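The structure under discussion appears below in the form of C-alpha cells.
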Amino acid sequence: SSWLLLAPLLSSPAPVITAAPCALCPEGAHRFQWISNVVPEFGISSSHVKVLSSPAEFYELLKASSCAQIKTAKQRVVMASLYLGTGLLEQELVDCLEAALEESLRAKGSSALRVSILLDFTRGSRGRRNSRTMLTPLLQRFPRQVRVSLFHTPNLRGLLRLLIPERFNETIGLQHIKVYLFDDNVILSGANLSDLYFTNRQDRYVLLQDSPEIADFFTELVDAIGDVSLQLQQDDTVQMMEGMVHPYRGDKAAYCEIANQKVMGVINAARARQQLLHAKTFHGSQEGSPVFNQQDSQASGDQKPEPDTWIYPLIQMKPFGIQIDEMVTETLLTEAERGARIYLTTGYFNLTQAYMDLILGTRAQYRILLASPEVNGFFGAKGVAGAIPAAYVYIEHQFYSEVCCLHQQERVQLQEYSRPGWTFHAKGLWLYLAGSSLPCLTLIGSPNFGYRSVHRDLEAQVAIVTENKALQQQLHQEQEQLYLCSGIVTSSTFEQPNRYVKLWVKLVTPLIKNFF
C-alpha cells in the first residue's frame, strides 16, 4: 500500500553514536577512533592506498593490461555491483574471467580460483540481453567455481510486484554495493560494471592493495548477502539456497531477520578479530608482558609497518534494520567543529531531512557538489524518467532557498558539476579539520546521502582516516579535480531556461522523492 511505501519517511531517525575516545588507544590516536565502537577497524600503511581519478583508469585497473589483474588472481575474484552491462567492454571482462578460470583448471587440475558475483535481480534481469545472459556461459562452463547471486528486495512482493512494470520496479529497493576484489586487492567505488562507467561517467574509486583482512571482510559480506539472494542457474533460472526463506514469497519478517543475523554476524566477527589484533599489537597483557612484540613479528616473517591509515567499512541496509552508515555519517556531521570544511558530493541531490537539518544547523563550512541537469544520468531519458533531472532541480532549488532564508550562503555553498559529453555519478565526502589545508577523512563507496540510500537499498562505503600527508594530498587532489569542473549556484542559476520545472513535476516530486 501507499502507506507502506511512505513508511521510511515516517520511521524514527538513526541514533547518533557517542564520539567517545578509545580508552585503550595510546595517546595521539586519531580522533575518529570512536567509529570502531560499531564496525571493525583495519589499520594499514598509506602506501597500500591508491586514489584513482578517471573512468579509464578504473577500467584499466579492472582490465589491467589485458586482464592481468583478473588473470593473476589465484584464490578469489569477488564483484558486487548493481548490474553488469552488455557491451563490448563488459564482454572483455567476462572473457578475462573465463580465461582465468580456464588457466586455473589447467594449472592445478581442479581450480582453486573461486568467482563470486553479486548483482541486483531487477536491474540485472532488465531486457532480453542482460547481466544474467552475460554470465550464464560462465556458470555452464565452471559450475563449481562460479557463483552468481541476484539480490531481490523483500519490499517488492505480492500485488506490488505484479503491477509495477520493469524499470519502475527498481525504485522499491536495490543491491547498490560496488566492490571489486582480486585476491587481497580491493577496489571501492560508486561505479557499476558498465561501459558508461569505463568511459565518460565520472565517479570515485580507491584501491586498497595487499589488504587481506579488508578483502576477507568484503568477501564475507558479499557471501552473506549472496546467501539470502536468488542463485542464478545454468539455464538462466533462479532459485534460493536450500532451507533459505524466499525474499518475496516467504515471510518478510523472517527473511529480514535471517539477513540481519548474517550481515551483522560478519560485521561483529570482523570487529572482534580486529579488536583482538589491536589489543595484541598495541597493549599487551594486563601484567605488562606483551603478547605480541617486534621479535614475534620478525620471527614470523610477517612484520608490517606501523599503520598510519585506518579503514572503517560502513554498511547501510535499512530493510534488514542495519543503519550503521547513517549513524556514522550523522555523527560526523554533528561533531564537525567550527572552521572545519566538509566537501560533500552526490550525483543525485536528494538529501534526507536529517542530513539537511545537520548541514543547516551545524557550524562547519559545506561545499556541496551535485550534477547539473545536463550531466544527470537521466538527462534525455524517454517517458517519465526524462523528468527526473527537473525533479532534482526542484529539490536543489528548495534547499538553496532554505539556505538563503537562513542567511547561510557563505557557510553552505552549492556547486554544479558540468562537463560536455559526460555524466556525473560521484559520491562521498572529504573532511578538513579546522586550520588544515588537507583532508584527514573521506567517505567513499555507493551511498548518495539520499532517501533511497538510507531507506531502500543495500549500501556500503568505507571511511578512510589517514595521518599520512602524501595520502591526504592524493585525496585533496581528487576533490580539487572534481570541483574544478563546477560552477557556484546562485539565485540566477534557477532563472536559466534549462532550469524551468513544469508544474506537474513540482506537484509530484514531494510524493515520490523517496524513490530516487
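The values are calculated or read from the model by the stated rules, or taken from the named source; none is laboratory data. Bear in mind that the values here come from a model prediction, so they are computed numbers and not experimental data. Backbone-built Cβ (ideal geometry, glycine too); neighbour counts: all protein chains shown. We work out accessible area using only protein heavy atoms, side chains counted, and drop any ligands, DNA or RNA first. Shrake-Rupley method; radii C 1.70, N 1.55, O 1.52, S 1.80 Å.
Would you be able to say whether some residue in segment 101-116 is part of a helix (DSSP H, G or I), of a type in the set (A, V, I, L, M, F, W, C), modelled with pLDDT of 95 or more and in the same structural domain as Gly85 (by the TED database)?
There is no residue in segment 101-116 that is part of a helix (DSSP H, G or I), of a type in the set (A, V, I, L, M, F, W, C), modelled with pLDDT of 95 or more and in the same structural domain as Gly85 (by the TED database).
For segment 125-230, which helices (runs of 4 or more DSSP H) that fit wholly inside it have 3 or more residues that are more than 30 Å from Gly43 (Cβ to Cβ)?
131-141, 158-163, 195-199
Tally time: how many residues in segment 463-516 are open to solvent by less than 70 Å² (accessible area, probe 1.4 Å), of a type in the set (Lys, Arg) and farther than 27 Å from Leu443 by Cβ?
Here the count works out to 1.
So Leu193 ticks every box in (1) under 22 Å from Asn260 (Cβ atoms); (2) in contact (Cβ under 8 Å) with a residue 24 or more places away in the chain; (3) open to solvent by less than 50 Å² (accessible area, probe 1.4 Å) but one. Which box is left unticked?
(1)
Would you point out which residue out of Ile368, Ile342 is farther than 28 Å from Val508 by Cβ and either part of a helix (DSSP H, G or I) or open to solvent by less than 20 Å² (accessible area, probe 1.4 Å) (or both)?
Ile342
Given the criteria over 28 Å from Pro305 (Cβ atoms), open to solvent by less than 60 Å² (accessible area, probe 1.4 Å) and outside any helix (DSSP H, G or I), does Met264 qualify?
For Met264, the condition - over 28 Å from Pro305 (Cβ atoms), open to solvent by less than 60 Å² (accessible area, probe 1.4 Å) and outside any helix (DSSP H, G or I) - is not met.
Which pairs do you get when a residue that is more than 25 Å from Asp216 (Cα to Cα), found in segment 111-127, comes within reach of a residue that is among the acidic types (Asp, Glu) and assigned to a loop (DSSP other than H, G, I, E, B), reach meaning Cβ atoms under 7 angstrom, with the pair 6+ apart or on two chains?
Arg126/Glu166
Among the residues of segment 45-78 satisfying the criterion of being among the aliphatic types (A, V, I, L, M) and in a helix (DSSP H, G or I), which is modelled with the highest pLDDT?
Going through the qualifying residues, I end up with Ala56.
From the list Thr122, Thr153, exactly one residue is touching a Pro at 6+ places or on another chain (Cβ under 8 Å), within 30 Å of Gly321 (Cβ to Cβ), surrounded by 19 or more Cβ atoms within 10 Å (Cβ to Cβ) and modelled with pLDDT of 95 or more. Which is it?
Thr153
Among the residues of segment 409-443, how many are in contact with a His (Cβ under 9 Å, 6 or more places away or on another chain) and of a type in the set (Ser, Thr, Tyr)?
2
Give the number of residues within segment 217-238 that are open to solvent by 60 Å² or more (accessible area, probe 1.4 Å) and under 19 Å from Arg271 (Cα atoms).
Selection size over segment 217-238: 1.
How many residues are within 29 Å of Lys318 (Cβ to Cβ) and touching a His at 6+ places or on another chain (Cβ under 8 Å) if we restrict to segment 455-484?
The number of residues fulfilling the criteria is 4.
Being open to solvent by less than 70 Å² (accessible area, probe 1.4 Å) and not in a helix (DSSP H, G or I) is the filter; apply it to segment 242-261 and report the residue that is farthest from Leu150 (Cα to Cα).
Gly250
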